[in-house]
Amino acid sequence: METWRALEYLYKQNKVKTIGVCNFEKEQLQHLLSHCTIAPMINQIEHTPLMHDEDLLSFCKENNIITMAWGPLLRGNMENQKIKEIAQKYNKSPAQILLRWNIQQNIIPIPKSKNPARLEENFFVFDFTLEDKDMQILNSMNENHRTSYNPLTFDF
Ligand SMILES: NC(=O)c1ccc[n+]([C@@H]2O[C@H](COP(=O)([O-])OP(=O)(O)OC[C@H]3O[C@@H](n4cnc5c(N)ncnc54)[C@H](OP(=O)(O)O)[C@@H]3O)[C@@H](O)[C@H]2O)c1
């Protein structure tokens, strides 16, 4: 809370435009919301078809908290057969399908690449739309698969 108060202070001083949190689960957001004077505007979480928490996403939406997706390209491990099939259907790469899936949910993906060609490829996701049935396939793939720590059990 002390850190959040510092962020609120910077926001009120117009030193920063947006304040938010990272890897907050619903319980942690509820605690923050009940103790803050300025609500977090963004929650950056791991969000992929394999780590897709509908309950957390709905909670953020209801509270006007934008979700930002880290590791949106499955951290480079995009060999999943279902994702590959959807990519083939749209003549796009698995990376572009994963980015588009986030964008169509109004979630901001932050992919990383150090390769100029792949950086460019990752920008070309605004010239197609995933059909509802393909969104549903991707939405139904959740395995609660985290590539990092569980924020509720990690010993900070
Ligand atoms: N808040 C947190 O706790 C947290 C945790 C982890 C990461 N993050 C942030 O999330 C962002 C992305 O995370 P990340 O790098 O772990 O995962 P990512 O963006 O899901 O995956 C990056 C991997 O995908 C490869 N890649 C990128 N574009 C590709 C394409 N079009 N086709 C094939 N492979 C592609 C990259 O290789 P090349 O570079 O060789 O292209 C790299 O190996 C970063 O800004 C990071 O700081 C935040």
Looking at I45, I38, I19, which one is open to solvent by less than 50 Å² (accessible area, probe 1.4 Å) and within 19 Å of E143 (Cα to Cα)? I45
Cβ-Cβ distance below 7 Å, separation of 6 or more or different chains: which pairs start in segment 101-118 with a residue that is more than 22 Å from Q136 (Cα to Cα) and end on one that is surrounded by fewer than 17 Cβ atoms within 10 Å (Cβ to Cβ) and among the hydrophobic types (A, V, I, L, M, F, W, C)? S113/L119
Based on this model, can you work out whether K92 counts as under 20 Å from the mean Cα position of the chain (by Cα), surrounded by 13 or more Cβ atoms within 10 Å (Cβ to Cβ) and in a loop (DSSP other than H, G, I, E, B)? no
Can you tell me which condition Q44 does not meet? The list is (1) within 12 Å of the ligand (Cβ to nearest atom); (2) outside any strand (DSSP E or B), and all the others hold. (2)
Any pair with Cβ under 7 angstrom, 6 or more apart, that starts in segment 43-61 at a residue that is closer than 14 Å to P151 by Cβ and ends at one that is among the acidic types (D, E): L56/E25
Take L29 and tell me if it is outside any strand (DSSP E or B), open to solvent by less than 50 Å² (accessible area, probe 1.4 Å), in contact with an Asp or Glu (Cβ under 8 Å, 6 or more places away or on another chain) and closer than 29 Å to R100 by Cβ. no
Any residue that is open to solvent by 50 Å² or more (accessible area, probe 1.4 Å) and within 11 Å of the ligand (Cβ to nearest atom) - is there at least one of those in segment 125-135? no
On the basis of being among the small types (G, A, S), out of contact with any strand residue (DSSP E or B) (no Cβ under 6 Å at 6 or more places or on another chain) and within 30 Å of L119 (Cβ to Cβ), does A39 make the cut? no
Give the residue that is farthest from the chain's Cα centre (by Cα), with candidates limited to residues of segment 107-124 that are near the ligand (Cβ under 8 Å from one of its atoms) and assigned to a loop (DSSP other than H, G, I, E, B). N115
Being in a helix (DSSP H, G or I) and closer than 27 Å to I97 by Cα, is that true of even one residue in segment 47-55? yes
Residue among E79, E85 that is within 11 Å of the ligand (Cβ to nearest atom) and over 30 Å from L33 (Cβ atoms): E79
Working carefully through the options L152, L50, L57, find the one that is of a type in the set (A, V, I, L, M), surrounded by 17 or more Cβ atoms within 10 Å (Cβ to Cβ) and within 16 Å of the ligand (Cβ to nearest atom). L50
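The values are calculated or read from the model by the stated rules, or taken from the named source; none is laboratory data. As the structure is a prediction and not an experimental result, all values here were calculated from the model. Reconstructed Cβ throughout: ideal geometry from the backbone, glycine too, with neighbour counts over all protein chains shown. Surface accessibility is based on the protein's heavy atoms, side chains included, excluding ligands, DNA and RNA. Shrake-Rupley method; radii C 1.70, N 1.55, O 1.52, S 1.80 Å.
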